[in-house]
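The structure appears below as C-alpha cells.
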Amino acid sequence: MTAAIVYAFASAIFLGAGVVLAQLGLRTVEPLSGAAISVPTFTLLFLVLSPLILHGEPVVWRALPIFMAIGLFFPASLTLLTFASNRALGPVITSTLGNLAPLFAVTAAVVLLHEPLLPQQLIGLVVAVAGAAIITVTRPHDLGHWRSWALLLPLTSALVRASCRRSPSSALRSGRARYGPAWSATSCPRWWC
C-alpha cells in the first residue's frame with residue numbers, strides 16, 4: 001500500500017471521527033460556539049507544528065496572502081456549516097452529503113476547465129450520488145424531525161470543499177502550482193484539496 005493510500009484512509013478515519021465527536025460537543029454548545037473553539041485550536045496546532053511541516057522549505061512571501069485568504073474563507077465557513085448541519089441532521093447525513101464535494105469538483109473541472117470525464121469516473125460519481133440519495137431518503141423515523149432546507153447545509157459545505165479543489169481561480173490551486181505542496185498543506189488538509 002502506498003503512502004498516499006494510507007494517508008487517504010487515515011484522513012477519512014479522522015474526518016469521520018471528527019464529525020461524530022462534534023455531535024457529542026454540539027449537545028452542549030451552539031454550532032457557532034463550537035466553531036469558535038475548534039478553528040482557533042486547529043490554527044494553534046498548525047502554528048506549533050509548522051516548523052516541522054515546513055522544515056527545509058523556502059519561504060515564498062508572495063504566497064502568504066493567497067493562503068491567508070484561503071484560511072479566512074475555507075476552514076471557518078466549512079466548520080460552521082458542518083457543525084450546523086451536524087446539529088440539525090446528525091453525523092450520518094452530514095457526512096454523506098458533505099462528502100459529495102467530488103461531484104461539484106468534477107462538474108467544475110469538466111465545465112470550466114474542459115477536463116475529460118472518463119466512463120469509470122462517471123460511474124464512480126453516479127454510485128456516490130446514488131449512495132448519498134439512499135442514505136438521505138431512507139433516514140430512520142427518529143430523525144424525521146429535521147426540515148428539508150437543512151440538507152442545504154452539508155451540500156453547501158461540499159460546494160465549499162469543491163471550490164477549494166477545482167475552481168480555476170482557486171487560490172489554493174494556483175498556490176500549490178506556484179509554491180509547492182508544503183505551502184498548500186499548511187492551509188488546506190490534503191484530503192480536501
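The values are calculated or read from the model by the stated rules, or taken from the named source; none is laboratory data. For clarity, every value in this text was computed on a predicted model and none was experimentally measured. For neighbour counting, all protein chains shown are included, and Cβ atoms are generated from backbone atoms with ideal geometry for every residue, glycine included. Note: accessible area is taken over every heavy atom of the protein model, side chains too, but ligands, DNA and RNA are not part of it. Shrake-Rupley method; radii C 1.70, N 1.55, O 1.52, S 1.80 Å.
Tabulated values for the structure
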quantity	calculated
Any hit, region 147-157, residues being at pLDDT below 85, charged (D, E, K, R) and not in a helix (DSSP H, G or I)	yes
Any hit, region 122-134, residues being touching a helix residue (DSSP H, G or I) at 6+ places or on another chain (Cβ under 7 Å) and either exposed (fewer than 13 other Cβ atoms within 10 Å of the Cβ) or at pLDDT below 85 (or both)	yes
Matching entry among Phe46, Phe42, Phe9 (being open to solvent by 70 Å² or more (accessible area, probe 1.4 Å), out of contact with any helix residue (DSSP H, G or I) (no Cβ under 7 Å at 6 or more places or on another chain) and among the aromatic types (Phe, Trp, Tyr))	Phe9
Any hit, region 94-101, residues being assigned to a helix (DSSP H, G or I), at pLDDT below 85 and open to solvent by 60 Å² or more (accessible area, probe 1.4 Å)	no
Some residue of region 29-36 being loosely packed, with under 12 Cβ neighbours inside 10 Å and without any contact (Cβ under 8 Å) to a residue 24 or more places away in the chain	no
Subset of region 68-88 (residues that are basic (Lys, Arg) and modelled with pLDDT under 85)	none
Residue in region 19-28 that is most open to solvent (accessible area, probe 1.4 Å), counting only those that are without any contact (Cβ under 8 Å) to a residue 24 or more places away in the chain and in a helix (DSSP H, G or I)	Leu21
Among (1) surrounded by fewer than 19 Cβ atoms within 10 Å (Cβ to Cβ); (2) touching a residue at least 24 places away in the same chain (Cβ under 8 Å), the one test that Glu115 misses	(2)
Residue in region 45-62 that is of a type in the set (A, V, I, L, M), in contact with a Cys (Cβ under 7 Å, 6 or more places away or on another chain), assigned to a helix (DSSP H, G or I) and in contact (Cβ under 8 Å) with a residue 12 or more places away in the chain present	no
Sole residue being surrounded by fewer than 16 Cβ atoms within 10 Å (Cβ to Cβ) and at pLDDT 85 or above, chosen from Pro91, Pro65	Pro65
